[in-house]
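A.B. asks: Just passing along the structure, written as structure tokens.
The values are calculated or read from the model by the stated rules, or taken from the named source; none is laboratory data. Note that this is a predicted model, so its numbers are computed, not measured. Here the Cβ positions follow ideal geometry from the backbone for every residue, glycine too, while neighbour counts run over all protein chains shown.
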Amino acid sequence: MDDARISAVEIARLAGVGRAAVSNWRRRYPDFPAPIGGSASSPLFSLAAVQSWMRARGKHFELTTGERAWRRLRALGDDLELGTRLSRAGAYLAGRVRDLDPELATLLDELTAEIGDAAAFELLFGRYTEAHSRQLSNTPAPVARLLAGLAGRGAESVLDPACGFGTLLLAVDAPWVLGRDVDPVAASIAALRLALHGYDGEVREADSLREDDAGIGLADVVLCDPPFNERTWGHDELIGDTRWEYGLPPRGESELAWVQHCLAHVKPGGLVAILMPGAPASRRGGKRIRGNLLRAGALRAIFTLAPAGPDLWLLRRPEPGGRAPSTVLLAGPVDELSTVEKLWREYERDPGAAGTRIIDLLDDDIDLTPARRRNGTEHSGRAFAEAYDRFSALPLAIPSFAPGEAEPAFTTVGELIRAGVLELRHAPAKTADGDHPLLTLDDLAAGRAPTGRAASAAGEVVAEAGDVVGSVTGLARVHSGPSVRVGPALSVYRVDPERLDAWFLVGCLRAAELPANSGSTRFDVRRTRIPRHPVETQRELGRAFARLTAFDDAVREAAEIGHTLVRLGFAGLTEGRLEPGSPNR
């Protein structure tokens, strides 16, 4: 246990403080333990050294039974085998093995007595995914609940052919669940999670596309969050496979292979809910398959879950002799997941009123991107009312400020860096293709979650909650939420919150006359002037800057929604969906 390592996030959790407080300790106290591993953006510290430092200063720092069990599990080997060790710990909790490290076994017994075996394994699993958040892909729990709510009600059997750690299957309430995953460690962990939570079923390692398991039978419902952008999914060896009822998936369209695999393993009339990237809705290579799915009535809805999120495709396997539907539901981006089920239930009740006519989609492109289909073919009256409500809800009150005569003294960003008040890191100029989320310049401008994707690489820059993310174009915001990598043209400013307010810094950066095109100058942001104010004054100004930023966002969104209102108003009045002087709702 003395060799155990701990991240800054874990220090904050155990000390009951925010991540920024730990960064502040590192800056203010020269004797704070130095990192013994990790990277510049994600350092690791000696647990024993941090404990000693905290106790010497009388700071609260409690290692719970769960934390001690996790530390022991992690200390038993390198992180490359951590998943295997976690699986064995789960097997111990499930009573399947007794041969375990004695110290770990004792801690697991204590933890089980405190919170139960299922909760104990979920705690360890949560720490595992937290420690490997950049390498592991796990369906967010709210999205899993959404898919289960849409497709899994009343189902006797549910299949997930790319189950990962079993999160989708854990969200359903079905007597029998089946899971397959190509990763043996993930499949083992999924099987243990389901067993410890009392599920009946079968989960095992299998490459679902290459090793189609005909003996698995047909499930009532199929849920799936498959891997994206796979080039080696088995195209050449699967030519002629009976699953390709709607067309041979192109080599670069593995997602459409997963769609057809899921349809092949659901009962006639059964529903498939599958998460997809945005591209398969419009890529030219998949045009024929999309058209066939529409003509057969297999594709029932596509939702874009958020501007930065995936698409959700809902499909239903056609019943022999059944009549193909004439509409499909295309909706999004939707910011609230609860909206998705509401829209789907409304569409099920009245497909003609809520859906888009399939015949209108069978053009040269068969582009099914929901955002591109929000045009005159939609129900313009309903869409106008929705846009009207969104516009009315915008915070468009103009911030009010009184005239002032103060002429403060100034410092610069560079001087604040030298004084240890501020850290500045610039993101690399280039990134490699990959699957890890990346905050882009456009994301920063829009104030949205990351939409970029890139491979993990040395020198990457990560923004934590409370950091300022800025660009040389003058854009700047305080980052909130989970840690996120920032992309080219962006920088991360990490402030000492006791000496520099983050929102105050945002306002100063936005007020600076920064170049519109960073490639045309050698401008150094370190020269940006910062007024010298006490931190209390900074915070007051920071709150004003935050109001201005919110107002700026609202004005921009108002312009976008306003153009939509005008377009829908013309369309609705022309189609008879709106009447002059009629209520907006």
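A.B. asks: Has the range 258-272 got at least one residue that is buried (at least 21 other Cβ atoms within 10 Å of the Cβ) and over 25 Å from Ser137 (Cβ atoms)?
C.D. replies: yes
A.B. asks: Related question: Output the residue which, of all residues in the range 38-65 that are of a type in the set (Phe, Trp, Tyr) and either part of a loop (DSSP other than H, G, I, E, B) or within 33 Å of the chain's Cα centre (by Cα) (or both), is farthest from Ser491 (Cα to Cα).
C.D. replies: Restricting to residues being of a type in the set (Phe, Trp, Tyr) and either part of a loop (DSSP other than H, G, I, E, B) or within 33 Å of the chain's Cα centre (by Cα) (or both), the top hit is Phe61.
A.B. asks: When only residues in the range 437-455 that are assigned to a strand (DSSP E or B) and touching a residue at least 40 places away in the same chain (Cβ under 8 Å) count, which is nearest to Ala476 (Cα to Cα)?
C.D. replies: Leu439
A.B. asks: Further question on the same structure: Contact list please: Cβ distance under 6 Å, first residue in the range 541-555 and at pLDDT 90 or above, second residue surrounded by 17 or more Cβ atoms within 10 Å (Cβ to Cβ) and not acidic (Asp, Glu), pairs at least six apart or on different chains.
C.D. replies: Leu541/Phe504; Gly542/Trp503; Gly542/Phe504; Phe545/Trp503; Phe545/Val506; Phe545/Gly507; Ala546/Trp503
One line per residue, one yes/no per condition, for (1) at pLDDT below 85; (2) under 33 Å from the mean Cα position of the chain (by Cα); (3) under 22 Å from Leu305 (Cβ atoms); (4) not aliphatic (A, V, I, L, M):
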position	(1), (2), (3), (4)
Gly376	yes, yes, no, yes
Ala393	yes, yes, yes, no
Pro403	no, no, no, yes
Pro408	no, no, no, yes
Thr411	no, no, no, yes
Glu415	no, no, no, yes
Val421	no, yes, no, no
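A.B. asks: Here is a follow-up. Among the strands (runs of 3 or more DSSP E) contained in the range 217-323, which hold 3 or more residues that are in contact with a Cys (Cβ under 9 Å, 6 or more places away or on another chain) and outside the structural domain of Ala445 (by TED's automatic domain parsing)?
C.D. replies: Filter on the range 217-323 gives 219-224, 266-276.
A.B. asks: If the requirement is being under 25 Å from the mean Cα position of the chain (by Cα) and of a type in the set (Phe, Trp, Tyr), which of these qualifies: Trp244, Trp258?
C.D. replies: Answer to the check: Trp258.
A.B. asks: Okay, moving on. State the number of residues belonging to the range 475-493 that are surrounded by fewer than 16 Cβ atoms within 10 Å (Cβ to Cβ) and either in contact with a strand residue (DSSP E or B) (Cβ under 8 Å, 6 or more places away or on another chain) or closer than 19 Å to Phe545 by Cβ (or both).
C.D. replies: 1
A.B. asks: Moving on to the next point. For the range 185-194, name all the residues that are under 22 Å from His265 (Cα atoms) and of a type outside the set (Gly, Ala, Ser).
C.D. replies: Leu194, the sole residue that qualifies.
A.B. asks: For Asp212, which of the numbered conditions (1) surrounded by fewer than 18 Cβ atoms within 10 Å (Cβ to Cβ); (2) part of a loop (DSSP other than H, G, I, E, B) fails to hold?
C.D. replies: Of the numbered conditions (1) surrounded by fewer than 18 Cβ atoms within 10 Å (Cβ to Cβ); (2) part of a loop (DSSP other than H, G, I, E, B), the odd one out for Asp212 is (1).
A.B. asks: Residues in the range 312-349 that are at pLDDT 90 or above, of a type outside the set (A, V, I, L, M, F, W, C) and closer than 22 Å to Ala279 by Cα: how many?
C.D. replies: Here the count works out to 2.
A.B. asks: List the helices (runs of 4 or more DSSP H) that sit entirely inside the range 89-203 and contain at least 3 residues that are surrounded by 15 or more Cβ atoms within 10 Å (Cβ to Cβ), in contact with a Lys or Arg (Cβ under 6 Å, 6 or more places away or on another chain) and charged (D, E, K, R).
C.D. replies: none
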